[in-house]
1. With respect to the numbered conditions (1) buried (at least 16 other Cβ atoms within 10 Å of the Cβ); (2) free of Cβ contacts under 8 Å to residues at least 40 places away in the same chain, which one is the sole condition not fulfilled by A90?
2. Restricting attention to region 154-194, and to residues there that are of a type in the set (K, R) and either exposed (fewer than 13 other Cβ atoms within 10 Å of the Cβ) or outside the structural domain of E120 (by TED's automatic domain parsing) (or both), which single residue is nearest to A50 (Cα to Cα)?
3. List pairs: first in region 60-85 and closer than 18 Å to L121 by Cβ and surrounded by fewer than 19 Cβ atoms within 10 Å (Cβ to Cβ), second at pLDDT 95 or above and of a type in the set (A, V, I, L, M, F, W, C), Cβ under 6 Å, 6+ apart or cross-chain?
4. Would you mind stating whether L43 is closer than 17 Å to L121 by Cα, in contact with a strand residue (DSSP E or B) (Cβ under 8 Å, 6 or more places away or on another chain) and of a type in the set (A, V, I, L, M)?
5. Kindly indicate which of A103, A50 is assigned to a strand (DSSP E or B) and surrounded by 13 or more Cβ atoms within 10 Å (Cβ to Cβ).
6. Pick out the one residue from R41, R36 that is touching a residue at least 60 places away in the same chain (Cβ under 8 Å) and either surrounded by fewer than 15 Cβ atoms within 10 Å (Cβ to Cβ) or basic (K, R) (or both).
7. Going by what's in this entry, would Y63 be described as modelled with pLDDT under 95 and in a strand (DSSP E or B)?
8. So which of H151, H139 is within 15 Å of L51 (Cα to Cα), in the same structural domain as H70 (by TED's automatic domain parsing) and of a type outside the set (A, V, I, L, M)?
Amino acid sequence: MSGHEYRVLSSQQQFHGVIFDVVTDQVTMPGGASARRDYTRHLGAAAVVALDDDGRVTLVRQYRHAVRAHLYELPAGLSDVRGESGVRTAQRELAEEVDLTAAQWNLLVEVHTSPGFSDELVRVFLARRLSPVADADRHVRRDEEADLTVHHVPLDEAVAMVFRGEITNGVTAVGLLAAARARDLDWTPLRPAS
């Protein structure tokens with residue numbers, strides 16, 4: 001560690017959006033100079049590795065406009081409900097996106113998605129002992145979610161999809177690899193969800 005304290009001398013919001021803000025900070029650098037650093041301030045999110053009793057994970061295939069493609073992803077969503085815990089966000093997203101609930105929840109990993117330009121932190125949870133949401137309680141999907149498809153894939157095949165370049169979403173890749181590793185270690189590194 002260099003011991004340098006990176007102090008923010010000034011901060012200016014350049015853009016305010018629904019999901020993120022763009023901010024420019026003037027930050028002290030080693031040697032006495034300062035530099036501008038642009039970044040997004042993000043709400044944060046939660047993602048779910050939903051693992052069924054047959055060892056399959058639930059993936060969604062959803063359109064992502066920024067990359068102009070349909071991507072395989074874990075069920076996930078924004079931490080956009082005030083006061084909602086990470087596990088509650090994960091539970092809500094699992095029910096809304098793939099019509100599932102889970103009786104067992106563990107925090108698997110936390111991922112800074114792009115720390116070079118964003119403070120976004122995604123908490124990835126492992127959900128087990130799955131059951132379907134009752135038909136009357138199912139969420140009505142809109143916009144891109146109305147087009148998403150749900151896939152149940154053996155965990156080892158999902159990991160192989162990462163290495164074949166078929167899964168390119170970073171949070172999904174990290175979550176699947178962590179789930180496979182945790183399974184191989186008999187789940188011992190898992191932390192309780194909170």
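1. With (1) buried (at least 16 other Cβ atoms within 10 Å of the Cβ); (2) free of Cβ contacts under 8 Å to residues at least 40 places away in the same chain applied to A90, the lone miss is (2).
2. R191
3. Here the result reads none, with nothing in region 60-85 linked to a residue that is at pLDDT 95 or above and of a type in the set (A, V, I, L, M, F, W, C).
4. Yes.
5. A50
6. None of the others qualify; the one that does is R41.
7. yes
8. After applying the criteria, what remains is H151.
The values are calculated or read from the model by the stated rules, or taken from the named source; none is laboratory data. Being a predicted model, the structure only gives us computed values, none of them experimental. Every residue, glycine as well, gets a Cβ built from its backbone with ideal geometry; the counts of neighbours run over all protein chains shown.
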